[in-house]
Ligand code: ADP
Ligand code: MG
């Protein structure tokens, strides 16, 4: 589904060129979840943004290949990339980059997404929207569908964003600390939902998290990042049982 091969991402800064991601490679099959872990600043978010081609203006992927469904994303035009982001790939960020449409009710936005991506009728989509909101822990979903985004709290909007991302049964889901700002019960609920949907629609998931409990729960495999590089990649059991790189060993020791 996805092959990331030796990507290098650089930023132009006032002090010169900064290499944020270097020689990063991993594969992901349909239905599989890879967790990217590593300390703050290790290049996890930049890796995600590189794959999506959503880097800030001063950043560029300067080497490597990103094959998605056989196409090298680095060779596609901005227009083709927009199409891929609108259809096959969904993303959830800790701080939403894409936001909800302020002039559409929650129900209309979710409904449109479901009609567009899953070919549901308007009525089916409405019902499914309520279900999805319920599943991401939105209280009184029947009422919320009629609300506009500004009426919701930040945490609630994040849940709606997650419901939006999941509504289109994406081939690839990229989630960057999606539940960090939410309370633990909601977090567990959302992760369970992501897992169910990944299995049901064979979604390949890249999940960035600093929570090793989440890793144990969600990951098939794990890439450990340190200073812009993947220093270790392993199946989740292998990594917990027998970490190899000194950084990973330290990370595992930090688990109470
Ligand atoms: P994290 O693993 O915490 O997600 P990031 O991927 O956000 O780390 O950052 C990796 C490195 O890239 C950091 O050194 C960060 O300072 C740098 N970086 C990220 N965005 C920019 C930018 N727009 N300009 C310059 N440097 C950046
Ligand atoms: Mg980050």
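Quick check on the stretch 26-39. Is at least one of its residues under 16 Å from residue 65 (Cα atoms), touching a strand residue (DSSP E or B) at 6+ places or on another chain (Cβ under 8 Å), more than 16 Å from ligand 2 (Cβ to nearest atom) and without any contact (Cβ under 8 Å) to a residue 60 or more places away in the chain?
yes
Starting from the stretch 195-215, keep only residues that are in contact (Cβ under 8 Å) with a residue 12 or more places away in the chain, then list their pairs with residues that are in a helix (DSSP H, G or I) and within 16 Å of ligand 2 (Cβ to nearest atom) whose Cβ atoms are within a distance under 6 Å, requiring at least 6 positions of separation or different chains.
These pairs meet every condition: 208/44.
Within the stretch 238-256, which residues are farther than 13 Å from residue 37 by Cβ and in a helix (DSSP H, G or I)?
Once the filter is applied, which keeps residues that are farther than 13 Å from residue 37 by Cβ and in a helix (DSSP H, G or I), the stretch 238-256 yields 238, 241, 246, 249, 253.
From the list 235, 228, exactly one residue is over 13 Å from residue 32 (Cβ atoms) and out of contact with any helix residue (DSSP H, G or I) (no Cβ under 7 Å at 6 or more places or on another chain). Which is it?
Criteria check complete, one pass: 228.
Is it true that residue 17 is within 16 Å of ligand 1 (Cβ to nearest atom), out of contact with any helix residue (DSSP H, G or I) (no Cβ under 8 Å at 6 or more places or on another chain) and at negative phi?
Yes; evaluated as a whole, the condition is true for this residue.
Condition check ((1) surrounded by fewer than 19 Cβ atoms within 10 Å (Cβ to Cβ); (2) in a helix (DSSP H, G or I); (3) within 12 Å of the chain's Cα centre (by Cα); (4) at pLDDT below 95) across all residues:
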| residue | (1), (2), (3), (4) |
| --- | --- |
| 173 | no, no, yes, yes |
| 196 | yes, yes, no, yes |
| 217 | yes, yes, no, yes |
| 232 | no, no, no, no |
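Could you list, in sequence order, the residues of the stretch 60-88 that are touching a residue at least 40 places away in the same chain (Cβ under 8 Å), under 14 Å from residue 49 (Cβ atoms) and either touching a helix residue (DSSP H, G or I) at 6+ places or on another chain (Cβ under 7 Å) or loosely packed, with under 12 Cβ neighbours inside 10 Å (or both)?
The answer is 61, 66.
Give the stretch 1-14 a look and list any residue that's surrounded by fewer than 18 Cβ atoms within 10 Å (Cβ to Cβ) and near ligand 1 (Cβ under 10 Å from one of its atoms), or say none.
Answer for the stretch 1-14, where residues must be surrounded by fewer than 18 Cβ atoms within 10 Å (Cβ to Cβ) and near ligand 1 (Cβ under 10 Å from one of its atoms): 11, 12, 13, 14.
One residue is enough: does the stretch 26-48 have a residue meeting the conditions over 27 Å from residue 215 (Cα atoms), in contact with a helix residue (DSSP H, G or I) (Cβ under 9 Å, 6 or more places away or on another chain) and modelled with pLDDT of 95 or more?
no
Spot the failing condition for residue 179; the list is (1) within 21 Å of residue 99 (Cα to Cα); (2) crowded, with 20+ Cβ neighbours inside 10 Å; (3) more than 16 Å from ligand 2 (Cβ to nearest atom), and only one is missed.
(3)
Would the stretch 111-130 turn up any residue that is away from ligand 1 (no atom under 16 Å from the Cβ), over 23 Å from the mean Cα position of the chain (by Cα), within 19 Å of residue 184 (Cα to Cα) and without any contact (Cβ under 8 Å) to a residue 60 or more places away in the chain?
No.
Condition first: within 22 Å of residue 48 (Cβ to Cβ) and either within 16 Å of ligand 1 (Cβ to nearest atom) or in a helix (DSSP H, G or I) (or both). Can you find one or more residues in the stretch 145-156 that meet it?
Checked the stretch 145-156: at least one residue is within 22 Å of residue 48 (Cβ to Cβ) and either within 16 Å of ligand 1 (Cβ to nearest atom) or in a helix (DSSP H, G or I) (or both).
The values are calculated or read from the model by the stated rules, or taken from the named source; none is laboratory data. Given the structure is predicted, the values throughout are model-derived calculations rather than measurements. Cβ: placed from backbone, ideal geometry, glycine included. Neighbour counts: every protein chain shown.
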